[in-house]
Amino acid sequence: MTRRIEDYAHIGDMRSAAQVARDGSVDMLCLPRFDSPAVFTAMLGGEEHGYWRIAPSGPRREATRRRYLDDTLVLESEWHTRQGAVRVLDVMPPADAGAAAPQLVRIVEGISGAVPITSTWAPRLAYGRVTPWICEEGGRLVARAGETALWLDTTDFPQHVRDGQLVHGEVTVAAGERVSMTMTWTLSHEPPPPPADSSDALARTEAFWREWAAACTYTGPYRAAVVRALITLKSLIYAPSGGIVAAPTTSLPEEIGGGRNWDYRYTWLRDASVTLSSLLRTGYRDEARAWREWLLRAVAGDPENLQIMYGITGERDLPERTLPLPGFRGSAPVRIGNGAATQVQLDVYGELIETLALAHEYGVAPCRATAALHIRLIESLLTKWREPDEGIWEVRGPRRHFVHSKVMAWVAVDRTIRLAESGALPAGPGDVERWARTREAIHREVCEQGFDAERNTFTQHYGSRDLDASLLLIPKVGFLPPDDKRVIGTIDAVQRELATSSGLVYRYDTHGTQVGADGLAGDEGAFILCSFWLVDSLALIGRVDEASRLFERLLGLRSDVGLLSEEIDPTTGTHLGNSPQAFSLLGLVESAVLLEDLRQVEAKDLLGALA
């Protein structure tokens with residue numbers, strides 16, 4: 001059975017996450033944290049690397065239907081067989097729902113008839129490299145190796161250990177019956193965790209997510225899609241620290257069989273900032289407060305050496321290495337860690353400071369420590385903005401003067417000035433005037449050196465004719481007004497040179513299989529976030545109907561459970577890259593909010609004209 005990335009559904013507890021295939025197999029799960037070594041890694045290899053499948057007995061088959069229970073992260077997979085119908089509920093209870101230790105709860109419910117069910121539990125620790133010893137203790141099963149212990153509790157689901165290396169169980173589930181299995185992680189030297197109560201865990205988890213989703217303030221026509229995206233984004237927050245991962249997976253390929261495979265289980269300042277922007281715009285402030293505290297701890301007293309990413313609890317050292325795994329559908333290498341952590345990306349100042357400004361706008365109380373950090377960050381940027389960098393896309397080629405990086409440096413200074421002028425940020429004598437001179441200098445330089453007058457478009461970097469989809473952000477961040485001819489020309493150029501006929505947008509031209517300007521070989525798919533940026537740009541320049549049609553097409557790219565990966569293959573429509581991807585989901589939310597805001601403005605204008 002050939003897997004596709006979109007065949008996986010995501011569940012999580014805001015500490016870690018599991019990827020569940022259509023055939024009922026959990027093929028990826030890192031415990032106890034997003035960035036911990038995986039205990040199931042079949043997604044990046046084969047069954048010998050660890051998995052847990054619960055499904056109807058007999059030939060392997062995909063679920064007839066899958067969905068999340070309304071406004072929750074509880075996954076329901078349903079099979080209809082000749083013997084009858086059953087559903088499997090998969091859930092990871094958050095700590096706020098009463099789960100002291102990370103758990104994966106799997107519940108089988110009979111719908112009709114009587115269906116034989118098989119469970120195979122085969123944990124393989126350290127990304128599939130370590131086979132734990134499985135034994136029975138006190139009527140419970142436990143798998144141990146090194147520091148890790150995995151406890152397996154069952155309700156009316158008999159289990160048998162095979163050769164001390166996997167657990168197999170079979171049971172027939174009739175209509176109205178329920179059986180369950182719960183896996184709980186602990187450190188191997190700790191006492192056994194309390195026996196699991198699967199029904200209580202399910203009820204508490206459903207209540208937690210529904211209460212959180214009910215606070216969403218977006219009421220537009222895409223509410224179901226927006227809430228699903230927000231729930232997924234919330235699940236990517238590491239609750240103990242407030243850090244936000246870019247995606248809960250590693251090394252899912254941007255090209256099947258290619259080598260553009262990266263570990264996204266860390267906190268990028270850029271991704272986290274824009275994720276919080278989406279949450280703030282839809283009514284969520286607690287997450288912004290928690291992330292602000294994470295930021296203060298991560299950056300600490302060293303803002304002059306700001307990193308573009310950190311570990312989920314603020315770790316700075318994220319060395320990149322490869323694992324001896326074949327990769328998803330043969331796409332090697334499989335990487336853990338991320339060497340881009342040492343890159344210089346000036347745009348992160350802009351995203352970070354814009355989020356701090358937005359938090360103030362949405363009522364997050366000022367913080368003296370954050371204000372002091374903000375001032376030090378902007379003063380550091382003032383000494384660096386003229387330098388080249390690796391840019392938003394983390395190229396592994398030479399540093400350049402990327403236009404997007406300069407534009408976001410302008411954003412950082414502009415938002416700082418606005419906060420200071422409003423009294424929300426302390427400024428010394430002459431600071432605002434000095435910052436304003438820098439803001440003007442950045443603007444002037446970008447317009448002179450980053451614009452191709454012959455083609456009427458901004459370019460990827462100074463002295464280049466290449467385009468970059470990040471240029472679509474120029475009107476959204478306010479660098480130029482939407483009706484500026486240079487903005488319209490840039491949008492038209494991106495549509496002409498980087499977009500497909502259906503509106504899917506590539507980040508930039510990767511130049512085929514040869515090593516391109518980004519220092520990497522091979523190709524990649526269309527970048528989903530860039531397509532949402534095109535929606536926003538079209539809407540801002542008045543082409544709202546065109547933007548709305550594109551938005552609808554992008555919604556159609558979601559998986560059957562409403563998820564988006566990082567990229568899409570425009571030819572086949574299959575997902576590419578790590579999944580679920582915060583960038584793609586926040587793009588959906590931001591576009592939905594913008595379209596609704598413009599619709600309300602248009603409605604008010606119409607009412608005013610009729611009055």
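The values are calculated or read from the model by the stated rules, or taken from the named source; none is laboratory data. What you are looking at is a predicted structure, and each value in this text was computed from that prediction instead of being measured. Glycine also receives a Cβ, built like all others from the backbone with ideal geometry; neighbour counts cover every protein chain displayed.
Tally time: how many residues in segment 505-548 are β-branched (V, I, T) and modelled with pLDDT of 95 or more?
Taking segment 505-548 as the starting set, the residues that turn out to be β-branched (V, I, T) are 505, 510, 513, 515, 528, 535, 541, 544.
Filter once more, so that each one left must be modelled with pLDDT of 95 or more: 505, 528, 535, 541, 544.
Within segment 505-548, residues that are β-branched (V, I, T) and modelled with pLDDT of 95 or more number 5.
Considering segment 340-366 alone, what residues qualify as being in a loop (DSSP other than H, G, I, E, B) and either of a type in the set (A, V, I, L, M) or over 20 Å from R439 (Cα atoms) (or both)?
At the first step, the residues of segment 340-366 found to be in a loop (DSSP other than H, G, I, E, B) are 343-346, 362-366.
Hits for segment 340-366 are Q343, V344, L346, Y362, G363, V364, A365, P366.
What about A247, is it under 20 Å from A38 (Cα atoms), buried (at least 24 other Cβ atoms within 10 Å of the Cβ) and touching a Pro at 6+ places or on another chain (Cβ under 8 Å)? Give the derivation first.
Values: under 20 Å from A38 (Cα atoms): yes; buried (at least 24 other Cβ atoms within 10 Å of the Cβ): yes; touching a Pro at 6+ places or on another chain (Cβ under 8 Å): yes.
For A247, the condition - under 20 Å from A38 (Cα atoms), buried (at least 24 other Cβ atoms within 10 Å of the Cβ) and touching a Pro at 6+ places or on another chain (Cβ under 8 Å) - is met.
Within segment 173-227, work out how many residues are surrounded by 14 or more Cβ atoms within 10 Å (Cβ to Cβ), part of a helix (DSSP H, G or I) and among the acidic types (D, E).
Summing the residues that are surrounded by 14 or more Cβ atoms within 10 Å (Cβ to Cβ), part of a helix (DSSP H, G or I) and among the acidic types (D, E) in segment 173-227 gives 1.
Condition test on L296, is it assigned by TED's automatic domain parsing to the domain that holds E361, on the phi < 0 side of the Ramachandran plot and within 15 Å of the chain's Cα centre (by Cα)?
Values: assigned by TED's automatic domain parsing to the domain that holds E361: yes; on the phi < 0 side of the Ramachandran plot: yes; within 15 Å of the chain's Cα centre (by Cα): no.
Considered against the rule, which asks whether it is assigned by TED's automatic domain parsing to the domain that holds E361, on the phi < 0 side of the Ramachandran plot and within 15 Å of the chain's Cα centre (by Cα), L296 comes out as no.
Within segment 473-488, can one find any residue that is out of contact with any helix residue (DSSP H, G or I) (no Cβ under 8 Å at 6 or more places or on another chain) and free of Cβ contacts under 8 Å to residues at least 12 places away in the same chain? Please lay out each step first, then the result.
Initially, segment 473-488 is screened for residues out of contact with any helix residue (DSSP H, G or I) (no Cβ under 8 Å at 6 or more places or on another chain), giving 483, 485, 488.
Okay, now just the ones that are also free of Cβ contacts under 8 Å to residues at least 12 places away in the same chain, so none.
No; the residues of segment 473-488 include none that is out of contact with any helix residue (DSSP H, G or I) (no Cβ under 8 Å at 6 or more places or on another chain) and free of Cβ contacts under 8 Å to residues at least 12 places away in the same chain.
Considering each of E454, E546 in turn, give the residue that is without any contact (Cβ under 8 Å) to a residue 24 or more places away in the chain and in contact with a helix residue (DSSP H, G or I) (Cβ under 6 Å, 6 or more places away or on another chain).
Working: E454 fails: in contact with a helix residue (DSSP H, G or I) (Cβ under 6 Å, 6 or more places away or on another chain).
Unique residue meeting the criteria: E546.
What about L377, is it within 20 Å of L269 (Cβ to Cβ), assigned by TED's automatic domain parsing to the domain that holds P303 and among the aliphatic types (A, V, I, L, M)? I'd like the intermediate steps shown before the answer.
On the way: within 20 Å of L269 (Cβ to Cβ): yes; assigned by TED's automatic domain parsing to the domain that holds P303: yes; among the aliphatic types (A, V, I, L, M): yes.
Yes: the conditions hold for L377.
In this structure, does L563 turn out to be part of a loop (DSSP other than H, G, I, E, B) and at pLDDT 95 or above? Don't jump to the end; show me each part of the working.
Details: part of a loop (DSSP other than H, G, I, E, B): yes; at pLDDT 95 or above: yes.
In short, yes.
Conditions: (1) part of a helix (DSSP H, G or I); (2) surrounded by 15 or more Cβ atoms within 10 Å (Cβ to Cβ). P482 meets all but one. Number of the miss?
Among (1) part of a helix (DSSP H, G or I); (2) surrounded by 15 or more Cβ atoms within 10 Å (Cβ to Cβ), P482 violates only (1).
Tell me, yes or no, whether segment 359-376 has at least one residue that is among the aromatic types (F, W, Y) and crowded, with 20+ Cβ neighbours inside 10 Å.
no
Suppose the filter is outside the structural domain of Q581 (by TED's automatic domain parsing), closer than 19 Å to I134 by Cβ and in contact with a Leu (Cβ under 9 Å, 6 or more places away or on another chain); does F34 pass it?
Numbers: outside the structural domain of Q581 (by TED's automatic domain parsing): yes; closer than 19 Å to I134 by Cβ: no; in contact with a Leu (Cβ under 9 Å, 6 or more places away or on another chain): yes.
So F34 does not fit the description; no.
Only one of E109, E76 is of a type outside the set (K, R), outside any loop (DSSP other than H, G, I, E, B) and without any contact (Cβ under 8 Å) to a residue 24 or more places away in the chain; which?
Details: E109 fails: without any contact (Cβ under 8 Å) to a residue 24 or more places away in the chain.
Step by step, each of E109, E76 is checked, and only E76 is of a type outside the set (K, R), outside any loop (DSSP other than H, G, I, E, B) and without any contact (Cβ under 8 Å) to a residue 24 or more places away in the chain.
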